[in-house]
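Q: After the structure tokens below, expect a handful of questions from me.
The values are calculated or read from the model by the stated rules, or taken from the named source; none is laboratory data. All values reported here derive from a predicted model rather than from experimental measurement. Neighbour counts are summed over all protein chains in view; Cβ atoms, including those assigned to glycine, are modelled from backbone coordinates with ideal geometry. Heavy atoms of the whole protein, side chains included, go into the accessibility calculation; ligands, DNA and RNA do not. Shrake-Rupley method; radii C 1.70, N 1.55, O 1.52, S 1.80 Å.
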Amino acid sequence: MLDLGLAIVHHITVFGLVALLAMEWVMLRDATVDPARLTKVDAGYGLVAGLAVVIGICRVIWGGKGWAFYEANPFFWAKMGLFVLMALVSIGPTLLFIRWRRAAAGAAAFTPPAQELKRARTWVRLEALLLILLLGCAAAMARYPF
């Protein structure tokens, strides 16, 4: 029963990641984006990502498949690598969002510079692509060996 509960919570956190990343993507389409709101969404994304990691570790330790299954599974390691890469890619937009929030606090009419907005969109798109690849690895991992 613990295995099922952990799996359910893990899946909910992953769906949360998808939703929050989609929110960032949509918010960045508007040049008059509210940096304070965007920063809150991004913080939520980081929090949910952290929860996904913690629940994932719990699944590895206390889940039904056991460490031996994960240790020998190349898709598990690919998934972990993609998650680390996503975390690294997310640093760039997070720093921009924080800078924009600070600038907006001092100037009510602040809008993010066009080049920075374009860069943030590119990073968020890359995060979305990596998340899609990660989800593919998760599906393959669960079925390994085929």
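Q: Could you run through the stretch 22-49 and say how many residues are touching a helix residue (DSSP H, G or I) at 6+ places or on another chain (Cβ under 6 Å) and open to solvent by 50 Å² or more (accessible area, probe 1.4 Å)?
A: 2
Q: Please pick out the residue among ILE57, ILE98 that is in contact with a Ser or Thr (Cβ under 8 Å, 6 or more places away or on another chain) and assigned to a helix (DSSP H, G or I). Break it down into steps so the answer makes sense when it comes.
A: Numbers: ILE57 fails: in contact with a Ser or Thr (Cβ under 8 Å, 6 or more places away or on another chain).
Sole residue among the options that is in contact with a Ser or Thr (Cβ under 8 Å, 6 or more places away or on another chain) and assigned to a helix (DSSP H, G or I): ILE98.
Q: Might you check whether a residue that is aliphatic (A, V, I, L, M), modelled with pLDDT of 95 or more, over 30 Å from ASP30 (Cβ atoms) and open to solvent by less than 30 Å² (accessible area, probe 1.4 Å) occurs anywhere in the stretch 60-74?
A: Within the stretch 60-74, the subset aliphatic (A, V, I, L, M) is 60-61, 68, 72.
With modelled with pLDDT of 95 or more added as a condition, the list becomes 60-61, 68, 72.
The next check asks that each one be over 30 Å from ASP30 (Cβ atoms); those that pass are 60-61, 68, 72.
Filter again for open to solvent by less than 30 Å² (accessible area, probe 1.4 Å), leaving 60.
Yes, there is a match, as at least one residue in the stretch 60-74 is aliphatic (A, V, I, L, M), modelled with pLDDT of 95 or more, over 30 Å from ASP30 (Cβ atoms) and open to solvent by less than 30 Å² (accessible area, probe 1.4 Å).
Q: In the set ALA19, ALA107, ALA52, which member is closer than 26 Å to ALA142 by Cα, among the hydrophobic types (A, V, I, L, M, F, W, C) and open to solvent by 20 Å² or more (accessible area, probe 1.4 Å)?
A: Checking each option against the conditions leaves just ALA19.
Q: Regarding the stretch 70-91, can at least one residue be identified that is over 23 Å from ILE132 (Cα atoms) and not polar (S, T, N, Q)?
A: no
Q: Can you pull out the residues in the stretch 67-95 that are of a type in the set (A, V, I, L, M, F, W, C), assigned to a helix (DSSP H, G or I) and over 22 Å from the mean Cα position of the chain (by Cα)?
A: TRP67, ALA68, PHE69 - these are the residues of the stretch 67-95 that are of a type in the set (A, V, I, L, M, F, W, C), assigned to a helix (DSSP H, G or I) and over 22 Å from the mean Cα position of the chain (by Cα).
Q: Kindly provide the set of residues from the stretch 110-139 that are open to solvent by less than 20 Å² (accessible area, probe 1.4 Å) and among the aliphatic types (A, V, I, L, M), ordered by number.
A: Across the stretch 110-139, the qualifying residues are LEU117, ALA120, VAL124, ALA128, LEU130, LEU131, LEU134.
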